[in-house]
Amino acid sequence: MLSIHRLDTSAADFQSVLRRLLAYDASQDESIERATAEILLRVQQEGDAALLEYTRRFDRVEAESVAALEIDRSEWLAALDKLPQDQRAALEAAAERIKRYHEHQVTQSWSYTEEDGTVLGQKVTPLDRVGLYVPGGKAAYPSSVLMNAIPAKVAGVPEVIMVTPTPDGVRNPIVLAAAAIGGVDRVWAIGGAQAVGAVAYGTQTISPVDKVVGPGNAYVAAAKRRVFGTVGIDMIAGPSEILVICDGSTPPDWVAMDLFSQAEHDEMAQSILLCPDAAYIEAVQQSIDRLLPTMQRADILRTSLANRGALIKVKSMEEACEIANQIAPEHLEISTTEPERWADLIRHAGAIFLGPYTSESLGDYCAGPNHVLPTARTARFSSPLGVYDFQKRSSLIKVSQAGAQTLGRIASTLARGEGLQAHAASAEYRLEPSDTKA
């Protein structure tokens, strides 16, 4: 039997055990931080030359110029044409669903006019350029290309630049095909911290972007953290998480496989079940033990579930929701007969999957909502990636002559209270002579 944590909320030490289970050491490896800092500094100072050197060193790709590392659109289209028909159809169907969902997120500019003619409002504009990082080589994440590129294009971003490493010159065809479907504008065969630096700072060949999004290894994460402020970033993601709230009505095998779906990502992923039915929890344990040996990534699953997984007996469904809010998971499945009832009690979750037929994996690929979600309890204060991450807002203020008389007196009083004479005078100059202060 797999040694997965079995917890009970009635135990005196439950909260302390849960805190230890949820704890994730996000401290950065000093060697990675030092190496990343050096790479970014050299790319910032030397541009193309540093980028070419690091591409030779880390990806074993020789190029006479950075321009030679750009992957021509004809190659993406050729990759798309060569895809097996079922893969192409699946990518196109997922892209259409993702586009349709994100179109509902578009924010429009607005304004209103006050009685004295003063106009106040908000102007919404897209970012000019976005950099999308996509792991390359043997790793293939076409779904991440779609989830990052499509919201940016729906937001109206004119140029989405994709960077993806090509170790030993291996270019992943399904990733290039996804770039063609997702509306990417240019693709560069570069990766690692040096690619993040190139799109953040710009080089002689690559123009800088306004925001960097997309998943990557520890060096990519460290680089995104360091360039934040020069550019925006989506988030620094931790290990993947799934929390399943179940009332015992879902087939145990389904729930076991849902727990597997996140545990298979890596050994640090976290899968937790909350249920008030002890017999059902035992049935899920039996399903885990029976199904685990059949899985291709059984070793990763075993380590992930043993170290960070848990089957937790709760007193009630209400308590399950309370604990779910405490955990604030990336993915929350409410696998019950009345999922909407319990969803009303949830305040913190990256994405909420309602009902037994809504497996988390559907959200990862094709349901429509974004699969880039807050992890490590950050769902308490942050949201999934969306169109709003690629739009920005500017305040609009047009004060009428009449409005300047009212607002000017208010501003003057407040400015003088703060000891800022020029602020006060700036407002007072616009007052009518009879209203001007002595």
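The values are calculated or read from the model by the stated rules, or taken from the named source; none is laboratory data. On a predicted model such as this, the values are computed, not experimentally measured, just so you know. No Cβ is skipped: glycine too gets one built from the backbone with ideal geometry, and neighbour counts run over all protein chains shown.
Among the numbered conditions (1) of a type outside the set (Lys, Arg); (2) in a loop (DSSP other than H, G, I, E, B); (3) closer than 30 Å to Val119 by Cα, tell me where Ser382 comes up short.
(3)
Tell me, please, whether a residue that is in contact with a Pro (Cβ under 9 Å, 6 or more places away or on another chain), closer than 22 Å to Asp25 by Cβ, assigned to a loop (DSSP other than H, G, I, E, B) and of a type in the set (Ser, Thr, Tyr) can be found in region 295-306. Explain how you work it out, then say what you get.
Initial filter on region 295-306 (in contact with a Pro (Cβ under 9 Å, 6 or more places away or on another chain)): 304.
Filter once more, keeping what is closer than 22 Å to Asp25 by Cβ: 304.
Among the residues that remain, those that are also assigned to a loop (DSSP other than H, G, I, E, B) are: none.
No, the conditions are met nowhere in region 295-306.
Which ones in region 15-32 are in contact with a helix residue (DSSP H, G or I) (Cβ under 9 Å, 6 or more places away or on another chain) and either surrounded by 16 or more Cβ atoms within 10 Å (Cβ to Cβ) or among the β-branched types (Val, Ile, Thr) (or both)?
Scanning region 15-32 gives Leu18, Leu21, Leu22, Ile32.
Yes/no per residue for (1) in contact (Cβ under 8 Å) with a residue 24 or more places away in the chain; (2) surrounded by fewer than 16 Cβ atoms within 10 Å (Cβ to Cβ); (3) hydroxyl-bearing (Ser, Thr, Tyr); (4) not in a helix (DSSP H, G or I):
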residue: Asp364; (1), (2), (3), (4): yes, no, no, no
residue: Val372; (1), (2), (3), (4): yes, no, no, yes
residue: Thr375; (1), (2), (3), (4): yes, no, yes, yes
residue: Gln405; (1), (2), (3), (4): yes, no, no, no
residue: Gly408; (1), (2), (3), (4): yes, no, no, no
residue: Ser412; (1), (2), (3), (4): yes, no, yes, no
residue: Ala415; (1), (2), (3), (4): no, no, no, no
residue: His423; (1), (2), (3), (4): no, yes, no, no
residue: Ser426; (1), (2), (3), (4): no, yes, yes, no
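Going by the conditions given, is Pro135 under 17 Å from Trp76 (Cα atoms) and either among the aliphatic types (A, V, I, L, M) or assigned by TED's automatic domain parsing to the domain that holds Ala200 (or both)?
Numbers: under 17 Å from Trp76 (Cα atoms): yes; either among the aliphatic types (A, V, I, L, M) or assigned by TED's automatic domain parsing to the domain that holds Ala200 (or both): yes.
Judged against the criteria, Pro135 is a match.
Within the bounds of region 259-267, is there any residue that is crowded, with 20+ Cβ neighbours inside 10 Å, in the same structural domain as Arg308 (by TED's automatic domain parsing) and of a type in the set (Phe, Trp, Tyr)?
yes
All but one of (1) in contact (Cβ under 8 Å) with a residue 40 or more places away in the chain; (2) under 27 Å from Ile346 (Cα atoms); (3) surrounded by 20 or more Cβ atoms within 10 Å (Cβ to Cβ) hold for Asn307; which doesn't?
For Asn307, the exception is condition (3).
Return the residues of region 63-79 that are touching a strand residue (DSSP E or B) at 6+ places or on another chain (Cβ under 9 Å) and loosely packed, with under 14 Cβ neighbours inside 10 Å; say none if nothing qualifies. If you could, list the steps in order and put the result at the bottom.
Of region 63-79, the ones touching a strand residue (DSSP E or B) at 6+ places or on another chain (Cβ under 9 Å) are 66, 69-73, 75-76.
Selection gives Asp72 alone.
Could you check how many residues of region 254-294 are farther than 19 Å from Val314 by Cβ and assigned to a strand (DSSP E or B)?
Number satisfying all stated conditions: 0.
Return a yes/no flag: does region 95-118 have any residue that is touching a residue at least 40 places away in the same chain (Cβ under 8 Å), in a loop (DSSP other than H, G, I, E, B), closer than 26 Å to Leu52 by Cβ and not small (Gly, Ala, Ser).
There is no residue in region 95-118 that is touching a residue at least 40 places away in the same chain (Cβ under 8 Å), in a loop (DSSP other than H, G, I, E, B), closer than 26 Å to Leu52 by Cβ and not small (Gly, Ala, Ser).
Just give me the residues in region 90-118 being aliphatic (A, V, I, L, M) and under 19 Å from Ser144 (Cβ atoms), in sequence order.
Taking region 90-118 as the starting set, the residues that turn out to be aliphatic (A, V, I, L, M) are 90-91, 93-95, 98, 106.
Once the filter is applied, which keeps residues that are aliphatic (A, V, I, L, M) and under 19 Å from Ser144 (Cβ atoms), region 90-118 yields Ala90, Leu91, Ala93, Ala94, Ala95, Ile98.
How do the pairs read when you match residues in region 263-287 that are closer than 30 Å to Gly216 by Cα with residues anywhere that are part of a strand (DSSP E or B) and small (Gly, Ala, Ser), using Cβ under 7 Å and keeping only pairs 6 or more apart or on different chains?
These pairs meet every condition: Ala263/Ser271; Ile272/Ala310.
Tell me the residue from Ala180, Ala193, Ala221 that is crowded, with 24+ Cβ neighbours inside 10 Å and in a helix (DSSP H, G or I), please.
Result of the check over Ala180, Ala193, Ala221: Ala193.
Does Tyr357 satisfy the condition of being assigned to a loop (DSSP other than H, G, I, E, B), of a type in the set (Ser, Thr, Tyr) and either over 27 Å from Leu21 (Cβ atoms) or touching a Ser or Thr at 6+ places or on another chain (Cβ under 6 Å) (or both)?
Working: assigned to a loop (DSSP other than H, G, I, E, B): yes; of a type in the set (Ser, Thr, Tyr): yes; either over 27 Å from Leu21 (Cβ atoms) or touching a Ser or Thr at 6+ places or on another chain (Cβ under 6 Å) (or both): yes.
Yes, satisfied.
Out of everything in region 125-141 that is outside any loop (DSSP other than H, G, I, E, B) and more than 15 Å from the chain's Cα centre (by Cα), what residue ends up being nearest to Ser207 (Cα to Cα)? Full working, then the answer.
First, the residues of region 125-141 that are outside any loop (DSSP other than H, G, I, E, B): 125-126, 129-133.
Retained after the next criterion (residues that are more than 15 Å from the chain's Cα centre (by Cα)): 125-126, 129.
On the way: Thr125: 20, Pro126: 17, Arg129: 9 Å.
Among residues in region 125-141 that are outside any loop (DSSP other than H, G, I, E, B) and more than 15 Å from the chain's Cα centre (by Cα), the one nearest to Ser207 (Cα to Cα) is Arg129.
Specify the residue that is nearest to Ile288 (Cα to Cα); the eligible residues are those in region 33-57 that are of a type in the set (Lys, Arg) and surrounded by fewer than 16 Cβ atoms within 10 Å (Cβ to Cβ). Give the steps one after another, and end with the answer.
Quick first cut of region 33-57, residues of a type in the set (Lys, Arg) only: 34, 42, 56-57.
In the following step, the residues that additionally are surrounded by fewer than 16 Cβ atoms within 10 Å (Cβ to Cβ) were identified as 34, 56-57.
Working: Arg34: 41, Arg56: 45, Arg57: 43 Å.
By that ranking, first place goes to Arg34.
Under the condition of being of a type outside the set (Asp, Glu) and part of a helix (DSSP H, G or I), which residue from region 385-403 is surrounded by the most Cβ atoms within 10 Å (Cβ to Cβ)?
Keep residues of region 385-403 that are of a type outside the set (Asp, Glu), which gives 385-388, 390-403.
Restricting the remaining residues to those that are part of a helix (DSSP H, G or I) gives 387-388, 390, 401-403.
Values: Val387: 23, Tyr388: 17, Phe390: 26, Gln401: 11, Ala402: 14, Gly403: 19.
This residue is Phe390.
Quick check on this structure: which one of Ala179, Ala237, Ala195, Ala189 is modelled with pLDDT under 95 and touching a Pro at 6+ places or on another chain (Cβ under 9 Å)?
On the way: Ala179 fails: modelled with pLDDT under 95; Ala195 fails: modelled with pLDDT under 95; Ala189 fails: modelled with pLDDT under 95.
So the residue among Ala179, Ala237, Ala195, Ala189 that is modelled with pLDDT under 95 and touching a Pro at 6+ places or on another chain (Cβ under 9 Å) is Ala237.
Provide a single number: the residues in region 88-113 that are under 15 Å from Lys153 (Cβ atoms) and among the hydroxyl-bearing types (Ser, Thr, Tyr).
Residues flagged as under 15 Å from Lys153 (Cβ atoms) and among the hydroxyl-bearing types (Ser, Thr, Tyr) within region 88-113 amount to 1.
Take region 122-142 and flag every residue that is surrounded by fewer than 19 Cβ atoms within 10 Å (Cβ to Cβ) and at pLDDT below 95.
Gly137, Lys138, Ala139, Ala140
Ser316 - would you say it is among the polar types (S, T, N, Q), touching a strand residue (DSSP E or B) at 6+ places or on another chain (Cβ under 9 Å) and either assigned by TED's automatic domain parsing to the domain that holds Glu360 or surrounded by 15 or more Cβ atoms within 10 Å (Cβ to Cβ) (or both)? First the steps, then the outcome.
Working: among the polar types (S, T, N, Q): yes; touching a strand residue (DSSP E or B) at 6+ places or on another chain (Cβ under 9 Å): no; either assigned by TED's automatic domain parsing to the domain that holds Glu360 or surrounded by 15 or more Cβ atoms within 10 Å (Cβ to Cβ) (or both): yes.
Spelling it out, it is not the case that Ser316 is among the polar types (S, T, N, Q), touching a strand residue (DSSP E or B) at 6+ places or on another chain (Cβ under 9 Å) and either assigned by TED's automatic domain parsing to the domain that holds Glu360 or surrounded by 15 or more Cβ atoms within 10 Å (Cβ to Cβ) (or both).
Among Gly117, Gly131, which is touching a Ser or Thr at 6+ places or on another chain (Cβ under 8 Å) and of a type outside the set (Val, Ile, Thr)?
That would be Gly117, the only listed residue that is touching a Ser or Thr at 6+ places or on another chain (Cβ under 8 Å) and of a type outside the set (Val, Ile, Thr).
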